[in-house]
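Asker: Here's a structure for you.
The values are calculated or read from the model by the stated rules, or taken from the named source; none is laboratory data. As the structure is a computational prediction, the values presented were derived from the model and not from experiment. Cβ coordinates were reconstructed from backbone atoms using ideal geometry, including for glycine residues, and neighbour counts include every protein chain displayed. Surface accessibility is based on the protein's heavy atoms, side chains included, excluding ligands, DNA and RNA. Shrake-Rupley method; radii C 1.70, N 1.55, O 1.52, S 1.80 Å.
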Amino acid sequence: MRRPTRLFVLWLLLLTASLSLYRPAEAREQLVIGMTQFPSTLNPMIDAMLVKTYVLGMAQRQIAIFGHDWEPVCIWCTELPTFENGRAKRFPVLDADGKPAGKEGVRTTYTIKPGAFWGDGTPITTEDVLFSWEVGRHPETGVSDLNSYQEIVDIEVEDERTFTIVRNKIDYRYNTPGDFNLLPAHLERDAFAVPRDYKTRTLYKTAPATPGLYNGPYRVSELSEGAYIVLVRNEHWQGKPPAFERIVVKTIEKTAALEANLLSGAIDYIAGEAGLTLDQALGFEKRHSETFDFIYKPGLIYEHIEFNLDNPILADVRVRRALLHAIDRQAISDRLFAGNQPVAHGAVNPLDWAYHKDLPTYPFDPDRAAALLDEAGWSKIEDGIRHRPDGTRLSLEIMTTSGNRIRELVEQVLQNFWKQVGVEVTIRNEPARVFFGETVRKRAFPAMAMFAWLSAPESLPKTTLYSTSVPTEANNWSGQNATGYRNAEMDRLIDAIEVELDREKRRALWAEQQTLYATDLPVLPLYFRSNAYILPKWLKGLRPTGHKYSSTYWIEQWRDSSDAN
Amino acid sequence: MTAFLIRRLGQALLVLWLMSFVTYGLLVLMPGDPVDLMLAGDPNVTAADVTRLRALHGLDRPFIERYGEWLGNAVQGDFGYSRLFAAPVTDILAPRLLNSLLLMGLAFALAVAIALPASVLAARHPGSLADRAINLFCFAGISVPPFWLALLLILLFAVALGLFPASGMATIGDGGLADRAAHLVLPVLTLAAASVAQYTRHGRAAMVEVLREDYIRTARAKGARERTILWRHGFRNALIPLVTIMALDFGALFSGALITETMFAYLGIGKTIYDAVMGNDFNLALVGLLLATAVTLAANIAADVAYGLIDPRIRLTGRKSA
């Protein structure tokens with residue numbers, strides 16, 4: 001062996017020897033969760049981001065949220081206010097001159113639970129509530145949904161734990177504080193000195209491991225931007241102690257690498273909230289069902305196709321109905337998603353109490369689709385494609401986000417179904433930044449745009465179906481009614497639902513609203529998306545919710561089944 | 001040499017300024033409103049929220065005004081705020097750039113360490129078994145997609161053998177030198193693979209060419225030792241075209257690093273730039289792209305300096321003579 005070769009071999013041996021010192025950490029006292037995204041900030045006020053909500057579910061609890069049964073539940077409050085228990089009271093709203101303005105407001109009183117502490121031992125008080133409201137309603141803080149804070153006209157403080165929220169408007173959501181997030185005033189007040197700079201000066205960004213920022217069963221102890229977050233037990237947590245000493249949330253964006261990490265033991269569990277797509281999880285289950293448990297939870301992510309109602313072809317409701325009759329959504333659900341993504345007949349999920357089960361539905365019926373198209377004047381068939389007698393071709397375009405494998409696959413299946421009844425559909429996809437940031441925003445899709453809405457239980461479709469929410473150049477493309485639906489009856493029903501406090505009366509209004517939606521078909525409902533949770537066999541107690549409050553809000557229920565305690 | 005370096009640095013700064021203007025313009029021209037992208041999928045956001053956030057992020061002002069403000073701040077060291085990460089751009093990019101440079105530097109060094117002897121070995125006996133084996137390796141190295149190679153390495157060394165970690169920069173709670181090195185092995189191998197093949201191929205071709213030159217024949221005729229002929233006369237001259245390839249490749253490593261960093265959840269700059277462009281994060285994308293340009297320019301200047309060191313006949317006056 002010549003000298004350079006010997007040196008090279010020696011170098012390789014030394015490298016291998018030094019690297020053999022590496023030993024992966026192994027301990028059941030920690031749970032390592034893999035996710036595909038990293039939160040932009042842990043400040044609960046700034047940005048609405050699913051992965052942030054996921055992490056904060058372990059570390060930062062709110063006053064009230066929606067529970068597993070999709071009903072509001074108190075977390076830091078003792079009792080939800082209602083008119084019956086006297087914690088909610090109506091009052092006549094006065095105008096600037098002190099005269100009755102002809103409408104009613106509502107006062108809702110909350111009491112913070114005893115034993116509520118920040119992670120540094122400071123009690124959670126009404127001072128935190130007042131400070132959070134101050135931050136939330138300031139237009140320069142960067143809060144995405146400012147409206148929920150600005151709707152509050154006053155917060156009256158009774159004592160350190162009891163406060164009353166005053167709103168000059170009463171609606172069915174009167175007793176849920178919604179997304180009112182708590183901030184620790186004693187730590188965050190300095191950062192808010194210049195509101196415009198708050199988003200960069202907040203301790204959640206500059207010193208995220210500060211214990212007092214958190215009030216959940218865990219607190220963040222270490223954070224590597226873009227890579228991982230370590231959470232340890234919060235010693236001031238008074239509730240049920242969580243099972244694991246620490247939780248590590250690791251971000252691995254590439255799902256193939258995420259799978260490999262799970263198999264290598266680098267992570268224990270892939271979170272359903274931001275992990276593998278359903279098709280990937282189904283494929284993974286086929287290969288590794290003996291090693292892992294799988295939970296599929298359908299929820300509030302509503303995949304649908306927005307029609308552009310300004311398109312003369314789609315302006316005809318018979319064509320819209322025919323398009324829906326022509327596709328076998330159940331077959332799509334069964335074959336592509338193993339039945340795990342239930343067919344949607346409207347925007348309201350069957351898990352929501354407001355769901356109306358007797359909706360008009362559109363079963364797969366190509367003959368009915370053909371009859372409807374004939375009726376609409378598309379009866380002349382040339383080259384397998386329908387035409388009007390004047391020669392107009394029944395040709396439509398469908399768009400979605402490019403690179404989303406599932407959506408692109410569904411598009412192709414739909415295209416094939418529609419071709420069977422003589423409808424030509426061409427596919428043109430765009431990157432998400434163009435599709436959402438330009439095409440959908442400016443209603444620049446000529447016929448159909450496929451995407452999803454996220455929402456909370458009993459979510460009022462005011463921004464997506466109200467006639468004044470149609471984006472136009474005149475309103476600087478504001479609003480999210482991209483389909484361009486304008487229906488006075490829909491406006492009336494939305495307004496009526498909003499102010500109806502009686503649940504049974506509201507149920508009837510919801511039924512009318514959903515019936516109108518299903519009859520008019522301003523959009524083509526596809527299915528409710530499911531999240532796939534891939535768990536090690538030893539991890540028990542995890543219950544997905546299906547709505548925007550993630551499974552981590554109940555992390556103290558999670559446990560290692562091999563642990564006798 | 002000093003005058004040369006000052007002139008090249010001046011040119012580099014001018015290029016960077018032009019690049020900043022062009023890149024900023026291109027980012028503005030690219031379709032997609034950042035606020036709408038931020039809020040996509042949330043049906044509860046009102047029109048007023050969109051207008052307010054657009055104003056808050058300065059998106060309602062003309063391009064030239066925004067660029068002027070950005071440039072004014074940049075020359076004072078303030079490169080702005082990243083919307084995606086909710087943090088100053090320098091806080092995000094500085095550590096990631098160092099991580100990427102470490103990854104790229106190690107991959108580059110490994111590639112050079114393997115490619116140079118391999119290219120000499122292959123060129124010494126063209127058509128031999130060793131030459132054919134090296135050629136086959138080069139063909140494979142260039143053809144194999146980094147994504148596939150990364151996955152293969154993860155499955156083999158992390159999942160099946162459990163020798164190296166599958167992802168990340170260090171074990172959480174450890175972070176010792178051996179641990180950091182272990183986390184670097186697979187990404188470095190992935191990133192280096194294509195470069196090894198490319199350098200070897202070009203190095204072999206250059207060496208074969210040089211070994212046919214008259215002065216090599218003359219040296220042999222004068223009875224010079226084969227080792228001297230190979231390394232002092234042949235290899236030194238073959239290095240000049242190879243250095244150009246390497247300098248260009250070092251800049252290109254940025255794009256290769258994107259895939260490698262994503263696959264190994266390695267916190268580098270490649271993936272950050274990609275996310276910034278796709279997420280319409282002006283400041284982050286702009287500074288990231290400028291950093292990539294700066295690294296490429298620096299690699300080119302380094303190549304020019306290396307020419308002078310390899311062959312003293314090349315004077316660094318802006319014109320090269322060989």
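Asker: How large is ³J(HN,Hα) for each residue in the stretch B:289-303, as worked out from phi by the Karplus curve 6.51 cos²θ - 1.76 cosθ + 1.60 (θ = phi - 60°), to whole Hz, x for Gly and Pro?
Answerer: 5, 5, 5, 4, 5, 4, 5, 5, 4, 4, 5, 5, 5, 4, 5
Asker: For labels at A:S379 and A:I427 in the simple 7 Å Cα→Cβ model, what's the distance in nm?
Answerer: Those two pseudo-labels are separated by 3.4 nm.
Asker: Using θ = phi - 60° and the Karplus form 6.51 cos²θ - 1.76 cosθ + 1.60, what ³J(HN,Hα) does each residue of the stretch A:492-505 get, whole Hz, x for Gly and Pro?
Answerer: 4, 5, 4, 4, 5, 4, 4, 9, 7, 8, 6, 4, 5, 5
Asker: Cα convex hull of chain B: how many Å³ per residue? Write out the running numbers ahead of the final one.
Answerer: Numbers: hull volume 59.3 nm³, N = 322.
It comes to 184 Å³ per residue, whole-number rounded.
Asker: How large is the dipole of the stretch B:91-310 about the Cα centre if only Lys and Arg carry +1 and Asp and Glu carry -1, each at its Cβ, rounded to the nearest 20 debye?
Answerer: I would put it at about 1120 debye.
Asker: Do the sum for chain B: with -39,500 (n - 2.57) for every DSSP H run of n ≥ 4, divided by all residues, what is the mean residue ellipticity at 222 nm, to the nearest 500 deg cm²/dmol?
Answerer: Roughly -24000 deg cm²/dmol at 222 nm, from the helical runs in chain B.
Asker: Once phi is turned into ³J(HN,Hα) by the Karplus curve 6.51 cos²θ - 1.76 cosθ + 1.60 with θ = phi - 60°, what whole-Hz value does each residue of the stretch A:451-457 show in order, with x for glycine and proline?
Answerer: Calculated HN-Hα couplings, in order: 7, 10, 10, 10, 7, 9, x Hz.
Asker: Expressed in nm², what is the orientationally averaged projection area of the convex hull enclosing the Cα positions of chain A?
Answerer: Computed as one quarter of the Cα hull surface, the answer is 34.9 nm².
Asker: Would you mind calculating the relative contact order of the stretch B:2-88 from Cα pairs under 8 angstrom and at least 6 residues apart, reporting the percent as a whole number?
Answerer: Here the relative contact order equals 18 percent.
Asker: What is the stretch B:76-150's relative contact order, in percent, from Cα pairs under 8 angstrom and six or more apart in sequence?
Answerer: RCO, the stretch B:76-150: 12 percent.
Asker: So if I average 1/r over every pair of distinct C-alpha atoms in the stretch A:262-343 and take the inverse, what Kirkwood radius in Å does that give?
Answerer: Values: mean 1/r = 0.0637 Å⁻¹.
About 15.7 Å for the stretch A:262-343.
Asker: In addition: Label-point separation (nm) for B:V22 and B:V75, each offset 7 Å from Cα along Cα-to-Cβ?
Answerer: 2.1 nm
Asker: What's the angle, to the nearest 10 degrees (0 to 90), between helix B:269-278's Cα axis and the longest principal axis of chain B?
Answerer: 40 degrees
Asker: So which cysteines in the protein assembly as shown don't have a second cysteine's C-beta under 4.7 Å from them?
Answerer: B:C138
Asker: Can you give the local net charge around B:F139? Use residues other than it whose beta-carbon is closer than 13 angstrom to its beta-carbon, Lys and Arg +1, Asp and Glu -1.
Answerer: +2
Asker: Of B:L248, B:A122, B:A224, which is farthest along the charge dipole of the stretch B:91-310 in the positive direction, counting Lys and Arg as +1 and Asp and Glu as -1 at C-beta?
Answerer: B:A224
Asker: Which residue, A:Q238, A:L223, A:N261, has the largest displacement toward the positive end of the dipole of the stretch A:222-284 when charges sit on each Cβ (Lys, Arg +1; Asp, Glu -1)?
Answerer: A:Q238
Asker: Right, next: Give the Debye-formula value of log10 I(q)/I(0) at each listed q (0.16, 0.21 Å⁻¹), with one equal scatterer per alpha carbon of the stretch A:54-168, two decimals each.
Answerer: Cα-only, vacuum Debye calculation for the stretch A:54-168: -0.90, -1.40.
Asker: Still on this structure, I have one more. With every atom except the alpha carbons ignored, what do you get for Rg and Dmax of the stretch A:112-251, in angstroms?
Answerer: 16.2, 46
Asker: How do A:T361, A:T41 stack up against each other in accessible area, from largest to smallest, with a 1.4 angstrom probe?
Answerer: Numbers: A:T361 70, A:T41 5 Å².
Listed by decreasing accessible area, they come as A:T361, A:T41.
Asker: Under a Cβ-only charge scheme (Lys and Arg +1, Asp and Glu -1), can you give me the dipole magnitude of chain A about the Cα centre, in debye to the nearest 20?
Answerer: It comes to approximately 1460 debye.
Asker: For chain A, what is the mean residue ellipticity at 222 nm derived from helices alone (per DSSP H run of n ≥ 4: -39500 (n - 2.57); sum divided by total residues; nearest 500 deg cm²/dmol)?
Answerer: Mean residue ellipticity at 222 nm (helix-derived): -8000 deg cm²/dmol.
Asker: OK, next. What shape does the stretch A:494-544 have by the C-alpha gyration tensor, where a ≥ b ≥ c are the square roots of the eigenvalues, rounded means a/c under 1.5, and otherwise prolate means a/b greater than b/c and oblate the rest?
Answerer: oblate
Asker: How would the stretch A:297-530 be classified by its alpha-carbon gyration tensor: rounded, prolate or oblate, with rounded meaning a/c under 1.5 and the a/b versus b/c comparison settling the rest?
Answerer: Details: a/c = 1.43, a/b = 1.37, b/c = 1.05.
In terms of gyration-tensor shape, rounded.
Asker: State the extension gain, in nm to one decimal, for the chain segment bounded by A:N416 and A:K442, taking 0.36 nm per residue of separation less the distance between their alpha-carbons.
Answerer: Here the answer is 6.5 nm.
Asker: Sorting A:K103, A:K254, A:K199 by accessible area (1.4 Å probe), largest first, what list results?
Answerer: A:K103, A:K254, A:K199
Asker: Classify the stretch A:364-435 as rounded, prolate or oblate, taking a ≥ b ≥ c as the square roots of the eigenvalues of its Cα gyration tensor: rounded when a/c is under 1.5, otherwise prolate if a/b is larger than b/c and oblate if not.
Answerer: Prolate.
Asker: In Å², and per residue, what accessible area does chain A have when probed at 1.4 Å with the other protein chains present?
Answerer: Spelled out: the 1.4 Å probe surface of chain A, per residue, equals 41 Å².
Asker: Sticking with this structure for a sec: Of all the Cα-Cα pairs you can form in the stretch A:422-565, what percent are over 24 Å apart?
Answerer: 52 percent
Asker: Here's something else I'd like to know. P(r) tail for the stretch B:83-230, what percent of Cα pairs lie past 24 Å?
Answerer: Of all Cα-Cα pairs in the stretch B:83-230, 50 percent lie more than 24 Å apart.
Asker: Which one of B:V295, B:H57, B:A133 is farthest out on the positive end of the charge dipole of chain B, using unit charges on Cβ (Lys, Arg +1; Asp, Glu -1) and the Cα centre as origin?
Answerer: B:A133
Asker: Relative contact order for the stretch A:92-192: what is it in percent, counting Cα pairs under 8 Å that are at least 6 residues apart?
Answerer: Over the stretch A:92-192, the number comes to 33 percent.
Asker: Could you work out the local net charge near A:H288, counting Lys and Arg as +1, Asp and Glu as -1, over the other residues with Cβ closer than 14 Å to its Cβ?
Answerer: Net local charge, A:H288 excluded: -2.
Asker: So which of A:K205/A:K537; A:K113/A:K240; A:K52/A:K442; A:K250/A:K548 end up more than 25 Å apart by C-alpha?
Answerer: A:K205/A:K537; A:K52/A:K442
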